[in-house]
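Here the structure is laid out as structure tokens; the discussion comes afterwards.
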Amino acid sequence: MKSDNQQKLRADRVWLTEDACDLNDFRALAEKTTVLADYPTASAVEKNVLIYDSHEVIEAASTPEGRRAVLAEICEAFGIGPGVVVFKHAYEDTDIIDRASAIFDGIIEEQHRTSTGGGDHFAKPGANDRIWNSLEKHCLADPENFARYYGNVIVALASEAWLGPHYQMTAQVNRVNPGGAAQSAHRDYHLGFQSSKVIEQFPAHVHRLSPVLTLQGAVAHCDMPLESGPTLFLPHSQTYEPGYLALKRQEFKDYFDQNHIQLPLEKGDVVFFNPALFHAAGTNRSKDIKRVANLLQVSSAFGRAMETVNRERMSTTLFPALKALKDKLSAGEIANAIASCAEGYSFPTNLDRDPPLGGLAPKTQAQLMHEALGENWSDDTFAKALAEQAARKLS
Ligand SMILES: [Fe+2]
């Protein structure tokens with residue numbers, strides 16, 4: 001009898017189910033107050049969300065010990081804290097944002113003109129415009145603006161705080177037109193994009209793993225007053241382990257509808273949040289605001305990103321721009337731009353043709369780019385080396 005009971009307890013521990021989700025358990029975890037004193041670099045708590053002044057964050061992270069402390073603080077804010085952080089004025093120079101917006105507008109017009117561009121898994125056709133893989137399209141259209149945009153210190157800092165180095169940047173533009181309806185509450189990729197039937201097949205540790213494989217971000221490309229429908233969040237909801245299944249249940253959806261918060265954003269602000277946080281895009285009730293956000297989905301070096309990105313083509317395009325910007329961007333900004341463009345991890349590869357030299361891991365695309373930039377290679381030499389490296393990785 002005793003061992004039967006143990007078996008059942010173990011199975012219940014390992015196999016989370018939609019039926020076992022309990023709103024009271026959830027409320028005991030999620031109904032927490034974010035305490036400003038726990039986050040010494042933050043400047044405020046608004047509606048339970050941590051607000052950081054980007055300038056102060058950069059200042060605090062300017063020494064090695066300071067950086068270590070800031071990364072740790074942001075890491076815990078995403079993990080055991082509210083799960084969502086606003087970085088005010090992450091882009092001090094909003095001309096960078098405006099130029100990127102013009103590029104995105106051009107891409108959207110082209111999609112309309114040629115009836116291309118995919119649908120949206122959350123919205124009715126026409127309610128919004130999407131640019132899938134805006135990362136690569138942005139880089140190919142204007143590598144100089146891409147370098148300035150993804151050279152951003154806050155984007156790199158938040159990504160590294162949650163995922164460590166060598167992360168894989170991906171991005172998608174969402175332009176929600178007036179009248180565009182709210183999304184339903186959800187968690188994000190990976191498990192957030194699966195049905196209960198599939199989610200229930202993964203043991204509990206994978207439910208805990210999924211949130212550390214990505215980080216969600218949004219760069220505000222315009223001012224977003226509440227009427228324009230900035231994202232709805234439920235702070236602290238990422239801490240409920242069976243949350244991927246809970247959101248399929250009506251009482252959790254109702255709870256989200258009654259308790260979510262929403263914060264207005266200004267152009268150049270950036271929000272980052274744990275992909276397991278309950279959230280949904282809001283309804284755009286404004287008369288004339290096209291709410292434009294570039295949604296960043298940053299993947300761990302060890303995970304699979306949602307989108308295919310041709311990082312070789314991007315790197316070839318970005319390289320001449322980075323050479324030209326060497327005196328205009330800091331070494332850190334250039335490294336951030338490379339991190340958002342080139343592949344930062346050695347694997348998968350073909351170990352017959354691409355053996356590790358002087359270590360356990362073969363040279364990465366990002367390392368090659370740093371080397372080429374440091375030694376001022378010609379564009380052709382770099383393009384050839386990139387292509388050869390990519391070929392070596394094929395089976
Ligand atoms: Fe989402």
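The values are calculated or read from the model by the stated rules, or taken from the named source; none is laboratory data. Values in this document were obtained by computation on a predicted structure and should not be read as measured data. Counting neighbours? That spans all protein chains shown, and the Cβs are built from the backbone with ideal geometry, glycine included.
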Name every residue in segment 225-238 that is away from the ligand (no atom under 16 Å from the Cβ) and surrounded by 20 or more Cβ atoms within 10 Å (Cβ to Cβ), in order of residue number. 228, 236
Those helices (runs of 4 or more DSSP H) lying entirely in segment 22-140 with at least 3 residues assigned by TED's automatic domain parsing to the domain that holds residue 284 and within 16 Å of the ligand (Cβ to nearest atom): none
Within segment 212-232, is even one residue assigned by TED's automatic domain parsing to the domain that holds residue 81, in contact with a Lys or Arg (Cβ under 9 Å, 6 or more places away or on another chain), in contact (Cβ under 8 Å) with a residue 24 or more places away in the chain and farther than 30 Å from residue 107 by Cα? no
Residues in segment 145-193 that are out of contact with any Asp or Glu (no Cβ under 6 Å at 6 or more places or on another chain), charged (D, E, K, R) and more than 14 Å from the ligand (Cβ to nearest atom) total 2
Give the residue that is nearest to residue 169 (Cα to Cα), with candidates limited to residues of segment 348-368 that are touching a Leu at 6+ places or on another chain (Cβ under 8 Å) and assigned to a helix (DSSP H, G or I). 365
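List the strands (runs of 3 or more DSSP E) that sit entirely inside segment 265-322 and contain at least 2 residues that are within 15 Å of the ligand (Cβ to nearest atom), assigned by TED's automatic domain parsing to the domain that holds residue 175 and surrounded by fewer than 20 Cβ atoms within 10 Å (Cβ to Cβ). Please lay out each step first, then the result.
Numbers: elements: 270-273, 278-280, 291-299.
In segment 265-322, no matching strands (runs of 3 or more DSSP E) lie anywhere.
Determine whether residue 42 is at pLDDT below 95 and of a type in the set (A, V, I, L, M).
On the way: at pLDDT below 95: no; of a type in the set (A, V, I, L, M): yes.
No: the conditions fail for residue 42.
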Are there any pairs, at least 6 apart or on different chains, whose C-beta atoms fall under 6 Å, with the first in segment 1-15 and at pLDDT 85 or above and the second surrounded by 10 or more Cβ atoms within 10 Å (Cβ to Cβ), and if so, which? 14/203; 14/204
